[in-house]
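Shown next, in structure tokens, is the structure this report addresses.
The values are calculated or read from the model by the stated rules, or taken from the named source; none is laboratory data. Keep in mind that this is a model prediction, so the values were computed, not measured. Note: ideal-geometry Cβ built from the backbone for every residue, glycine included; neighbour counts use all protein chains shown. Remember, those area values only see protein heavy atoms, side chains included, never the ligands or the DNA or RNA. Shrake-Rupley method; radii C 1.70, N 1.55, O 1.52, S 1.80 Å.
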Amino acid sequence: MGKQVIVFDLGGVLMEHNIPGCIEKFKRILGDNYNRLGLGTDGEGEADALMGRYERGLVTTQEYVGTILGWCIPGTSARDVEDAWNTMHAGIPSDRIDKLKQLKAEGYTLYLLSNNNELHWKDVLNRVPDFDSLFDDVFLSFREHVSKPDPRLFNILMERTGAAAEDILFVDDLRANRLAAESLGWRTAPSLESLF
């Protein structure tokens, strides 16, 4: 057994979400077109496909924001769309930052494995400068062009880091992602708090 590795999801594990606030802002700028966005649903509509492609880095931020802007009420700016999108983030509690620093000091190898997009990642780094430095490496779906629970994303992490499946503990709040990791031999936990 090698060095112990902990792989963290971001949203719902380290980052708190503000879905109601995000929905409210989008309702204001989209008006009657709000349902077209599909936020907070599990649908397979146009917007769901757009979000999925953006999360995998298959469309640029400019294309993503521009498409949504085309659905908005007159007078809405690209900045308004970006602001509404980033309202989804409610911040990272300081005690979670402290816990990451503690684990690092105890000798654990830490990785971040997140379904993320360029706008949200920039927002994270604006809120917590050098957040990425808390990890030995960061794996984001928009950079890797694949998202969880696709096993390819988990395999990218193992191939790039040399981490063995049996040495990895994966912390993710979504069951589908944990099941995908477990199918590769990773141990899993649903929250940071469940580790202690």
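Screening the stretch 7-57 for residues that are at pLDDT below 95 and β-branched (Val, Ile, Thr) and picking the one that is least open to solvent (accessible area, probe 1.4 Å) gives ILE23.
Might you check whether a residue that is over 21 Å from LEU179 (Cα atoms) and surrounded by fewer than 19 Cβ atoms within 10 Å (Cβ to Cβ) occurs anywhere in the stretch 148-157? Among the residues of the stretch 148-157, not one is over 21 Å from LEU179 (Cα atoms) and surrounded by fewer than 19 Cβ atoms within 10 Å (Cβ to Cβ), which makes the answer no.
Would you call THR61 modelled with pLDDT of 95 or more, in contact with a helix residue (DSSP H, G or I) (Cβ under 7 Å, 6 or more places away or on another chain), of a type outside the set (A, V, I, L, M) and under 19 Å from ARG143 (Cβ atoms)? Answer is yes for this residue. The residue of the stretch 139-155 that is nearest to PRO93 (Cα to Cα), among those that are part of a helix (DSSP H, G or I) and either polar (S, T, N, Q) or out of contact with any Leu (no Cβ under 9 Å at 6 or more places or on another chain) (or both), is SER141.
Quick check on THR76: is it outside any helix (DSSP H, G or I) and open to solvent by 10 Å² or more (accessible area, probe 1.4 Å)? Answer is yes for this residue. Residues in the stretch 94-119 that are surrounded by 14 or more Cβ atoms within 10 Å (Cβ to Cβ), free of Cβ contacts under 8 Å to residues at least 60 places away in the same chain and not hydrophobic (A, V, I, L, M, F, W, C): LYS104 only. Every listed requirement among (1) surrounded by fewer than 20 Cβ atoms within 10 Å (Cβ to Cβ); (2) at pLDDT 95 or above is met by PHE196 save one, (2). Remark: pairs (first residue in the stretch 127-138, within 23 Å of MET88 (Cα to Cα) and modelled with pLDDT of 95 or more; second residue among the basic types (Lys, Arg) and surrounded by fewer than 17 Cβ atoms within 10 Å (Cβ to Cβ); Cβ separation under 8 Å; 6+ apart in sequence or on different chains) = LEU134/LYS101; LEU134/LYS104. One residue alone among SER114, SER77, SER94 is among the polar types (S, T, N, Q) and either on the phi > 0 side of the Ramachandran plot or in contact with a Leu (Cβ under 6 Å, 6 or more places away or on another chain) (or both), and that residue is SER114. Scanning the stretch 160-188 for residues that are without any contact (Cβ under 8 Å) to a residue 60 or more places away in the chain, assigned to a helix (DSSP H, G or I) and either farther than 14 Å from ILE6 by Cβ or open to solvent by 40 Å² or more (accessible area, probe 1.4 Å) (or both) yields ARG160, ARG175, ALA176, ARG178, LEU179, ALA180, GLU182, SER183.
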